[in-house]
């Protein structure tokens with residue numbers, strides 16, 4: 001145990017009661033709140049997905065009106081992106097970054113509290129729209145005008161919720177950058193940072209560059225609706241397609257905002273359970289930075305069908321293809337890390353391997369859609385739905401789940417139930433493929449996305465997808481039960497937890513004291529991750 | 001009492017000032033992107 005910890009152990013007092021959570025400036029408490037919030041939103045967004053899959057189980061209208069169905073797809077996406085994946089990533093960053101770099105806390109603890117507490121407020125605004133005249137937003141999470149301008153009383157609530165979510169993300173990003181730049185322990189040079197920290201710095205810069213663009217886009221929607229401007233109204237001299245350009249200038253980097261922290265997590269997990277250092281640490285850092293840089297030049301591949309000049313389409317096609325190079329470097333490095341390693345297959349490793357394989361499926365279908373002429377066939381079909389769900393669910397969500405399993409014993413001081421963890425993995429993996437793989441076939445056969453009813457020829461694969469969806473949804477209850485069980489007790493975890501784990505966080509006791517590294521530890525080449 | 005806790009006891013006033021400065025610069029960059037994108041569309 002480090003001198004820094006023992007120094008503070010004997011007066012490791014923490015506040016109690018509600019005040020501990022409401023006014024917390026402690027990175028571990030705020031991280032816990034982010035993670036609990038993300039898990040809660042996962043079940044809310046998941047319930048919406050269950051409504052969607054129940055309605056699509058067979059053709060015809062069974063349970064909900066088309067308007068409500070469209071609200072489900074719209075709000076499901078907003079909840080999963082802004083309420084689950086982003087907060088879960090920030091929660092893991094809050095918990096782990098200070099411990100990984102040897103800092104006592106985040107750089108700006110009060111701002112950290114604020115960036116969390118904005119979130120429940122923003123989602124109350126968003127979810128309250130279900131009870132408003134005209135219902136919840138139903139124009140799709142991409143908010144394209146003029147359709148989104150037909151939203152009823154919910155419209156300003158939607159816009160303000162997105163503004164608040166953006167502010168929360170920007171504050172979180174600023175905090176992470178300030179923490180890593182100014183609070184590293186002596187000897188913790190940039191090239192000794194754990195990959196999870198690296199992916200988060202790059203993600204934080206992406207957030208600062210792109211969230212204001214989304215905020216600008218929705219502000220312009222607001223003024224178009226209420227203040228007589230015509231940014232995106234053709235009748236007033238504006239251009240609705242311009243909204244798509246602005247939105248996707250945010251939207252594509254957003255994909256990497258979601259995925260890079262998950263890449264960071266599996267870059268920690270795979271070396272641990274392969275009992276080898278990460279293969280090509282430096283190339284991983286450069287690949288991550290390259291992916292982030294290139295993500296600013298590919299946005300229009302989301303809108304090949306709007307009628308761009310051929311030169312533009314070719315540019316965006318080639319730029320999109322080029323992202324496969326650094327992504328390929330990452331996949332290669334993870335595989336090479338496992339190569340000839342003394343591998344073991346505990347639950348975090350299973351989920352991490354799941355990410356490598358199933359994210360690649362989503363990556364390959366992404367390459368297919370990046371090819372302009374064939375994208376005209378795929379555009380707005382279930383093929384797209386299959387693609388981005390492969391990226392987000394078995395790609396990103398599995399990565400986040402791997403992180404939770406990996407660090408849960410460190411956070412709670414207890415080992416989780418390994419048998420239940422493996423059951424969770426296998427049920428989730430089988431069902432997620434049942435859920436999303438058939439969507440490729442449906443899309444190629446021409447089934448459009450965002451419809452509550454469909455032609456009978458699509459029935460069988462929709463039934464398979466729905467059954468997969470229900471099983472996947474129920475499997476996540478195992479995860480919830482496992483977490484509660486682990487928090488309440490279980491086999492005691494030692495400080496290192498995993499045999500192959502290296503890094504400052506594993507030198508702390510499990511669970512770590514309320515305040516850690518009050519005296520910075522000294523980091524050497526031998527103790528650093530690289 | 002919560003306010004009796006000093007959550008970041010190892011942070012010196014110099015580091016705290018550096019943190020604040022960096023936060024202000026990054027916030028200004030974000031604000032500039034926000035305003036810039038709206039102005040570009042005018």
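The values are calculated or read from the model by the stated rules, or taken from the named source; none is laboratory data. Model, not experiment: these values are computed from the prediction. Cβ: placed from backbone, ideal geometry, glycine included. Neighbour counts: every protein chain shown.
Structure data summary
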read-out: Members of the stretch A:364-383 found to be more than 18 Å from residue A:323 (Cα to Cα) and in a helix (DSSP H, G or I), listed by number; value: A:373, A:374, A:376, A:377, A:378, A:382, A:383
read-out: Of the criteria (1) surrounded by fewer than 21 Cβ atoms within 10 Å (Cβ to Cβ); (2) within 14 Å of chain B (Cβ to nearest Cβ), which one residue A:101 fails; value: (1)
read-out: Residue A:337 vs. criteria touching a residue at least 12 places away in the same chain (Cβ under 8 Å), within 30 Å of residue A:349 (Cβ to Cβ) and assigned to a helix (DSSP H, G or I); value: yes
read-out: Selection within the stretch A:187-211 - within 11 Å of chain B (Cβ to nearest Cβ) and buried (at least 23 other Cβ atoms within 10 Å of the Cβ); value: A:204, A:207, A:210, A:211
read-out: Qualifying residue in the stretch A:175-186 (condition: assigned to a helix (DSSP H, G or I), away from chain B (no Cβ under 14 Å) and surrounded by fewer than 18 Cβ atoms within 10 Å (Cβ to Cβ)); value: no
read-out: Residue in the stretch A:69-76 that is over 20 Å from residue A:23 (Cα atoms) and within 13 Å of another protein chain (Cβ to nearest Cβ) present; value: no
read-out: Enumeration of residues in the stretch A:491-508 that are over 17 Å from residue A:403 (Cα atoms) and buried (at least 17 other Cβ atoms within 10 Å of the Cβ); value: A:507, A:508
read-out: Yes/no for residue A:362 being farther than 25 Å from residue A:205 by Cα and in contact with a helix residue (DSSP H, G or I) (Cβ under 8 Å, 6 or more places away or on another chain); value: no
read-out: Exclusive hit being part of a helix (DSSP H, G or I), surrounded by fewer than 21 Cβ atoms within 10 Å (Cβ to Cβ) and touching a residue at least 60 places away in the same chain (Cβ under 8 Å), set A:427, A:397, A:480; value: A:480
read-out: 1 or more residues within 30 Å of residue A:184 (Cβ to Cβ) and either at pLDDT 95 or above or touching a strand residue (DSSP E or B) at 6+ places or on another chain (Cβ under 7 Å) (or both): qualifying helices (runs of 4 or more DSSP H) within the stretch A:51-165; value: A:86-101, A:109-127
read-out: Selected residue [more than 12 Å from every other protein chain (Cβ to nearest Cβ) and closer than 30 Å to residue A:525 by Cα] from A:234, A:262; value: A:262
read-out: Count of residues meeting criterion [part of a loop (DSSP other than H, G, I, E, B) and surrounded by fewer than 20 Cβ atoms within 10 Å (Cβ to Cβ)] in the stretch A:222-251; value: 8
read-out: Checking residue A:225 against (1) over 26 Å from residue A:395 (Cβ atoms); (2) within 14 Å of chain B (Cβ to nearest Cβ), the condition it does not meet; value: (2)
read-out: Answer from A:214, A:171 - the residue that is without any contact (Cβ under 8 Å) to a residue 60 or more places away in the chain and either buried (at least 24 other Cβ atoms within 10 Å of the Cβ) or within 10 Å of chain B (Cβ to nearest Cβ) (or both); value: A:214
read-out: Failed item in (1) within 14 Å of chain B (Cβ to nearest Cβ); (2) in contact (Cβ under 8 Å) with a residue 40 or more places away in the chain; (3) in a helix (DSSP H, G or I); (4) buried (at least 17 other Cβ atoms within 10 Å of the Cβ), with residue A:42 passing the rest; value: (1)
read-out: Unique match (being without any contact (Cβ under 8 Å) to a residue 40 or more places away in the chain and either surrounded by fewer than 21 Cβ atoms within 10 Å (Cβ to Cβ) or on the phi < 0 side of the Ramachandran plot (or both)) among A:355, A:374; value: A:374
read-out: Tally of residues being more than 19 Å from the chain's Cα centre (by Cα) and farther than 28 Å from residue A:357 by Cα across the stretch A:231-272; value: 16
read-out: Scope the stretch B:4-41; condition within 8 Å of chain A (Cβ to nearest Cβ), modelled with pLDDT under 90 and over 20 Å from the mean Cα position of the chain (by Cα); matching residues; value: B:5, B:41
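The rows are residues; the columns are (1) in contact (Cβ under 8 Å) with a residue 24 or more places away in the chain; (2) farther than 30 Å from residue A:394 by Cβ; (3) part of a helix (DSSP H, G or I).
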| residue | (1), (2), (3) |
| --- | --- |
| A:442 | yes, no, yes |
| A:494 | no, yes, no |
| A:505 | yes, no, yes |
| A:520 | yes, yes, no |
